[in-house]
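Asker: Quick one: the structure is below, questions incoming.
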Amino acid sequence: MSDVHSPGIVATPRSCATQSAETIERALLAHISRGGRSALAQLYLLYFPQLSNFFTHLTANADLAEELISDTMFDVWRQSTNIGPDIPVFVWVMRIAYMHALRRLARESAGPNHDRPGPTALEHVPHLQDLLVSLTVEERAVVYLVYSSHRSRQDVVYIMQQSSEYVDMHLTNARLWLRSSADPDIDSTRHLSS
């Protein structure tokens, strides 16, 4: 198909000032669904920083994050006609990204949960990044989406394709674990098992 540049969908600072990000992203997806390679390149550039942060947060591995970005954008291209009118583009893209991360990390780990070092064994108060790595992938995803991306519970439920109770459980687990790890005097037995 032709890769003709369509006016009005170029993601520049000037166009962003006059159009909402959602409008621009929807126009790019429409162009992608018609075979627009330049639109895919533009969407890739728009999402690269967010996806890079998300995957690095989940995996703590920059090389794996780059692979997952490529896998995600390939699926965005393949599924560009499947987005519903009521789902924000960001939420739709992040659902695809989260599913890729889950599948990849499940293949690379022995199981969905891993043993955590006890907070009392810490010799010093660790940096937040060190603590985040000790969370499960589900907990890291919830923490990232709620606190770094400022997404609503409804958005997180859609991205993770789980119930609100599931999301709340992982958010509570992550908070308790982070709090007890940062302060060994807090009773770590309050951490719920997932």
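Asker: Out of all the residues in the stretch 17-40, which are in a helix (DSSP H, G or I) and surrounded by fewer than 14 Cβ atoms within 10 Å (Cβ to Cβ)? Explain how you work it out, then say what you get.
Answerer: We begin by selecting, within the stretch 17-40, every residue in a helix (DSSP H, G or I); these are 17-18, 21-33, 37-40.
Those that are in a helix (DSSP H, G or I) and surrounded by fewer than 14 Cβ atoms within 10 Å (Cβ to Cβ): Ala17, Thr18, Ala21, Glu22, Arg37.
Asker: Just to check your reading of the model, which residue among Phe55, Phe74 is closer than 26 Å to Val133 by Cα and not aliphatic (A, V, I, L, M)? Talk me through it step by step, then tell me what you get.
Answerer: Values: Phe74 fails: closer than 26 Å to Val133 by Cα.
Only one candidate qualifies: Phe55.
Asker: Which of the residues belonging to the stretch 145-185 are touching a Phe, Trp or Tyr at 6+ places or on another chain (Cβ under 9 Å) and either modelled with pLDDT under 85 or farther than 21 Å from Arg103 by Cα (or both)?
Answerer: Within the stretch 145-185, Ser148, Ser149, Arg151 qualify.
Asker: Further, regarding this structure: Report every pair of residues separated by at least 6 positions or lying on different chains whose Cβ atoms are under 7 Å apart, first residue within the stretch 77-104 and closer than 18 Å to Val143 by Cα, second among the polar types (S, T, N, Q) and not in a helix (DSSP H, G or I).
Answerer: Note: pairs meeting the criteria are Arg95/Gln161.
The values are calculated or read from the model by the stated rules, or taken from the named source; none is laboratory data. Remember, predicted model here, so these are calculated numbers, not experimental data. With ideal geometry, Cβ positions are generated from the backbone for all residues, glycine too; neighbour counts draw on all protein chains shown.
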